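Visitor: Take this structure, written in structure tokens, and hold onto it; I'll ask about it next.
The values are calculated or read from the model by the stated rules, or taken from the named source; none is laboratory data. Values in this document were obtained by computation on a predicted structure and should not be read as measured data. Every residue, glycine as well, gets a Cβ built from its backbone with ideal geometry; the counts of neighbours run over all protein chains shown. Heavy atoms of the whole protein, side chains included, go into the accessibility calculation; ligands, DNA and RNA do not. Shrake-Rupley method; radii C 1.70, N 1.55, O 1.52, S 1.80 Å.
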Amino acid sequence: MSFAHRHLLGIEPLSPQDIVTILDLAETYVDLNRQSAKHADVLAGLTQINMFFENSTRTQASFELAGKRLGADVMNMAMQASSIKKGETLIDTAMTLNAMHPDLLVVRHPHSGAVDLLAQKVNCAVLNAGDGKHEHPTQALLDALTIRRAKGRLHRLNIAICGDISHSRVARSNLILLGKMENRIRLIGPPTLMPSGIGEFGVEVYDDMREGLQDVDVVMMLRLQKERMDGGFIPSEREYYHRYGLDAEKLALAKPDAIVMHPGPMNRGVEIDGTLADDINRSVIQDQVEMGVAVRMAAMELLARNLAAEPRE
Ligand code: NCD
């Protein structure tokens, strides 16, 4: 099992084989996580530091559990109360932590590119837990594992990614991953929430949800990222729900066995109907959360193996 990367900064640098390697290893952790004794001590003795400069519930909890189940010493930095607030730069904070010899650094930051920059300054493995509108690689990997388990394959599927595409690192990482695995991707959303020039990426773009959902295997909904909007991107939430919110009626246009996904947190009644989100016959949203822990365990194990194989200083 080879995985020749020092960091996990995005899906972009990964080959299809790298992706399969992570997902296959993650499968073993799905099984482990379903047992009452959940420990596999492959990270025993290693230190994992989680630095979240943006609020997060599931991603941070997921990385923390993943590290603990693999036996690492896990520390969550309270970034809201950190020296960054006193004017310290991101790089100074990183260098300070680096001097404490962490092995794995998990970073979420509101600016695209900030995690890559930090990775150049430290001598441990860095995992990107979401940087601005850029990438969120472990989310795309957990989505891929969820799709592969539900559909039995991860290629030649019709996949619709719907909603606020332009502000979404989840959409971006998924687009890259699902493209590498040779799926047909449709992006559905209002033109105001569609990045310009996106058509060149070999995707089909729709602004009519009913048209775009025809015969898809997977419907991936996105949260309206209000915190990244500084103007009137949508007329009103009510109007948005009417045109782009996923409900049973719109879902009926997709394949009868199409699955519904959402990375969370959800705005119920804005981008998705609450009852549909909870319908375990269609929605795999809870599976996504479960796969998240397993995928993060796999990614951290693969990076830690590489650390062990090379001199650090
Ligand atoms: C996503 C994120 O933070 O980019 N959430 C997550 O990681 N579960 C999507 C979002 O915030 O809408």
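Visitor: Which aspartates and glutamates, if any, have their Cα less than 19 Å from the Cα of K226, not counting same-chain residues under 8 positions apart?
Guide: The reachable aspartates and glutamates, counting only those whose Cα sits under 19 Å from K226, are E54, D131, E135, D164, E237, E239, E271, D273.
Visitor: I've got another one for you. Using Cα centres only, tell me the gap between the stretch 19-84 and the stretch 182-245 in whole Å.
Guide: About 31 Å separates the Cα centre of the stretch 19-84 from the one of the stretch 182-245.
Visitor: Could you please state how large a percent of the accessible area of the chain is carbon and sulfur, counting protein chains only and using a 1.4 Å probe?
Guide: On the way: 6820 of 13480 Å².
The C+S portion of the solvent-accessible surface of the chain is 51 percent.
Visitor: In percent, what relative contact order does the stretch 143-278 have, based on Cα pairs under 8 Å that are 6 or more apart in sequence?
Guide: Values: 223 pairs, mean separation 35.7, N = 136.
The value is 26 percent.
Visitor: How big is the charge dipole of the chain about its Cα centre, in debye rounded to the nearest 20, if each Lys and Arg gets +1 on its Cβ and each Asp and Glu gets -1 on its Cβ?
Guide: Details: 34 positive and 41 negative charges, 57 e Å.
That gives the chain a dipole magnitude of about 280 debye.
Visitor: Are there any helices in the chain, counted as whole DSSP H runs, that stretch 18 Å or more along their axis by Cα and score at least -0.5 on average by Kyte-Doolittle, and if so which?
Guide: Details: long enough: 16-33 (25 Å, 0.29); 137-151 (21 Å, -0.11); 285-309 (37 Å, 0.58).
Within the chain the helices that satisfy the rule are 16-33, 137-151, 285-309.
Visitor: Can you compute the charge dipole magnitude of the stretch 1-110 about its Cα centre, using +1 on each Lys and Arg Cβ and -1 on each Asp and Glu Cβ, nothing else charged? Give it in debye, rounded to the nearest 20.
Guide: The calculation lands at about 340 debye.
Visitor: Select from H134, I19, A78 the residue farthest towards the positive end of the dipole of the chain; place +1 on Cβ of Lys and Arg, -1 on Cβ of Asp and Glu, and compute about the Cα centre.
Guide: Of the candidates, A78 comes out farthest on the positive side.
Visitor: Further question: What does the accessible area per residue of the stretch 1-133 come to in Å², with a 1.4 Å probe and no ligands, DNA or RNA counted?
Guide: Details: 5970 Å² over 133 residues.
About 45 Å² of surface per residue is accessible.
Visitor: Then there is this: Could you order peptides 277-286, 156-165 by the average number of other Cβ atoms within 10 Å of their residues, highest first?
Guide: The most tightly packed comes first, giving 156-165, 277-286.
Visitor: Starting from the Cα of K255, draw a straight line to each of the aspartates and glutamates and keep only those under 14 Å, dropping any in the same chain fewer than 8 residues away.
Guide: E211, D215, D217
Visitor: Applying the Karplus parametrisation 6.51 cos²θ - 1.76 cosθ + 1.60 with θ = phi - 60° to the phi angles of the stretch 122-136, what ³J(HN,Hα) value in whole Hz is obtained for each residue in order, glycine and proline being reported as x?
Guide: The phi angles translate into 10, 10, 10, 7, 10, 10, 7, 9, x, 10, x, 9, 7, 9, 8 Hz.
Visitor: Cut-off 20 Å, label point 7 angstrom out along Cα-to-Cβ of E200: give me the residues of the stretch 134-161 whose amide nitrogen falls inside.
Guide: Answer for this model: 134-135.
Visitor: Collect residues whose amide H, placed 1.01 Å from N in the peptide plane, falls under 5 Å from the amide H of V106; neighbours closer than 5 in sequence don't count.
Guide: I49, N50, M51, L127
Visitor: Could you pull the Rg and Dmax for the chain, using just the Cα atoms, both in Å?
Guide: 19.3, 59
Visitor: Counting only pairs 8 or more residues apart or on different chains, how many lysine pairs in the stretch 1-140 have their Cα atoms under 22 Å apart?
Guide: Close lysine pairs found across the stretch 1-140: 4.
Visitor: Now for a separate question. With every protein chain kept in place and ligands, DNA and RNA left out, what is the accessible area per residue of the stretch 184-313? Probe 1.4 Å, answer in Å².
Guide: Spelled out: the 1.4 Å probe surface of the stretch 184-313, per residue, equals 47 Å².
Visitor: Quick one: in the stretch 199-313, what % of C-alpha pairs are over 23 Å apart?
Guide: Of all Cα-Cα pairs in the stretch 199-313, 45 percent lie more than 23 Å apart.
Visitor: Please state, rounded to one decimal and in Å, the Kirkwood hydrodynamic radius that the stretch 145-276 gives when every pair of distinct Cα atoms enters the mean of 1/r.
Guide: Final number for the Kirkwood radius of the stretch 145-276 is 14.7 Å.
Visitor: Where in the stretch 59-80 is the amide nitrogen less than 17 Å from a point lying 7 Å along the Cα-to-Cβ axis of K38?
Guide: It comes to 59-76, nothing else.
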